Amino acid sequence: MRSSNPVFSRRGFSRDTGYAGFNAQAGGPTANPYAGTNPYAQGGNPYAQAPTDPSAQGQPITQAPPQYAPQTRPMTMDDVVTRTGLTLGTVIAGATVGWLFLTQNLGFAVGAGLVAMVLGFVQSFKRRPSPALILAYAALEGVFLGALSGFINDLPKMNGAPMQAVLGTMAVFVAMLVAYKTRIVRVTARFTRFVLIAALGFVLLSLVNVLFMAFGGGDGLGFRSGGLGILFGVVGVVLGALFLALDFKQVEDGIAYGAPREESWLAAFGLTLTLVWIYMEMLRLISILRGD
């Protein structure tokens, strides 16, 4: 499921971005220009075992006999919605625990966040989704977010900020979904490259700022306060919204080109990562606007 989203980097399905994957068979006046590269097309499905002809000394045969049925049915939108709901529900459950019990113990919450980050990287580099790994990531990430949000909510002038960040994240999600479905936002190869380059620059600047804060003290390069901090926060939210468009594209193409049902777990994982990104950037932006 190769994708602009790091979660999908080992696979790919796109009809028109050049990152081809789950494509239709070649032939006909409306043939997919990337036909023939579909890893799930006949003879290329990495999840299927190639049938062999006993009389041909184990050599794969071209046509599968009727008894060789697919190992799994294609993924559907219901699969994606169900697994995304389960993953986000786990995040919310973990956040509830963190909010109620760990607000005054941020050290443990930060440890949970670091473990969640490691689990996220492990899943990103696995060939196939692991539901247990994804749900473990969601639970630990939720614990971290809940404890951090509860701590921020108790600060002067910050009461209600986490709820504002949640509402803001929901608004960004709905707005981008509408923009994508109405084709106001179109995911193309150029769009994908732009988002990836912008995200890389954003992450590098954030890391440099953390280094300056760690070794130079203060606010580092100024990305955590003032006008520059507000601008940086807005850019972070916008990048998260653009990654949502990439996630929607992967889901749409995976369904259109018959990705296996298990891929819906990766779709849920990718959407969860993006929503967590948006929430964190929204919370930071609100903190700056409130003067803390």
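The values are calculated or read from the model by the stated rules, or taken from the named source; none is laboratory data. Here the structure is a predicted model, which is why all the values come from computation and not from measurement. Reconstructed Cβ throughout: ideal geometry from the backbone, glycine too, with neighbour counts over all protein chains shown.
Tabulated values for the structure
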read-out: Lone unmet requirement of (1) outside any helix (DSSP H, G or I); (2) surrounded by 24 or more Cβ atoms within 10 Å (Cβ to Cβ) for ARG224; value: (2)
read-out: Residue in the range 198-208 that is touching a helix residue (DSSP H, G or I) at 6+ places or on another chain (Cβ under 7 Å) and more than 20 Å from ILE286 (Cα to Cα) present; value: yes
read-out: Some residue of the range 132-141 being over 22 Å from the mean Cα position of the chain (by Cα) and either of a type in the set (D, E, K, R) or within 30 Å of SER264 (Cβ to Cβ) (or both); value: no
read-out: Test for VAL187: is it surrounded by 13 or more Cβ atoms within 10 Å (Cβ to Cβ) and β-branched (Val, Ile, Thr); value: yes
read-out: Set ARG190, ARG183: member being of a type in the set (Lys, Arg), part of a loop (DSSP other than H, G, I, E, B) and more than 18 Å from the chain's Cα centre (by Cα); value: ARG183
read-out: Among the residues listed as LEU177, LEU266, LEU246, LEU167, the single one being at pLDDT 90 or above, touching a Pro at 6+ places or on another chain (Cβ under 6 Å) and closer than 23 Å to GLY89 by Cα; value: LEU266
read-out: Scan of the range 254-271 for residues that are buried (at least 24 other Cβ atoms within 10 Å of the Cβ) and assigned to a helix (DSSP H, G or I), ordered by number; value: GLY254, GLU263, SER264, TRP265, LEU266, ALA267, ALA268, PHE269, GLY270, LEU271
read-out: Residue in the range 175-182 that is hydrophobic (A, V, I, L, M, F, W, C), buried (at least 18 other Cβ atoms within 10 Å of the Cβ) and touching a Ser or Thr at 6+ places or on another chain (Cβ under 9 Å) present; value: no
read-out: Unique match (being within 15 Å of the chain's Cα centre (by Cα) and either surrounded by fewer than 24 Cβ atoms within 10 Å (Cβ to Cβ) or part of a helix (DSSP H, G or I) (or both)) among VAL235, VAL251; value: VAL251
read-out: Qualifying residue in the range 234-246 (condition: more than 18 Å from LEU275 (Cα to Cα), in contact with a Phe, Trp or Tyr (Cβ under 8 Å, 6 or more places away or on another chain), in contact (Cβ under 8 Å) with a residue 12 or more places away in the chain and of a type outside the set (Ser, Thr, Tyr)); value: no
read-out: Sole residue being surrounded by fewer than 24 Cβ atoms within 10 Å (Cβ to Cβ), at pLDDT 95 or above and in a helix (DSSP H, G or I), chosen from LEU285, LEU275; value: LEU275
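Each row is one residue, and each column tells you yes or no for (1) in contact (Cβ under 8 Å) with a residue 40 or more places away in the chain; (2) of a type in the set (D, E, K, R).
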{"site": "ALA93", "(1), (2)": "yes, no"}
{"site": "VAL97", "(1), (2)": "yes, no"}
{"site": "LEU102", "(1), (2)": "yes, no"}
{"site": "GLY107", "(1), (2)": "no, no"}
{"site": "VAL110", "(1), (2)": "no, no"}
{"site": "VAL115", "(1), (2)": "no, no"}
{"site": "GLY120", "(1), (2)": "yes, no"}
{"site": "ARG128", "(1), (2)": "yes, yes"}
{"site": "PRO131", "(1), (2)": "yes, no"}
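Yes or no, residue by residue, for (1) surrounded by fewer than 21 Cβ atoms within 10 Å (Cβ to Cβ); (2) outside any helix (DSSP H, G or I); (3) over 22 Å from the mean Cα position of the chain (by Cα):
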residue: ILE92; (1), (2), (3): yes, no, no
residue: VAL97; (1), (2), (3): yes, no, yes
residue: PHE108; (1), (2), (3): yes, no, yes
residue: GLY111; (1), (2), (3): yes, no, no
residue: MET117; (1), (2), (3): yes, no, no
residue: PHE121; (1), (2), (3): yes, no, no
residue: ARG127; (1), (2), (3): yes, yes, no
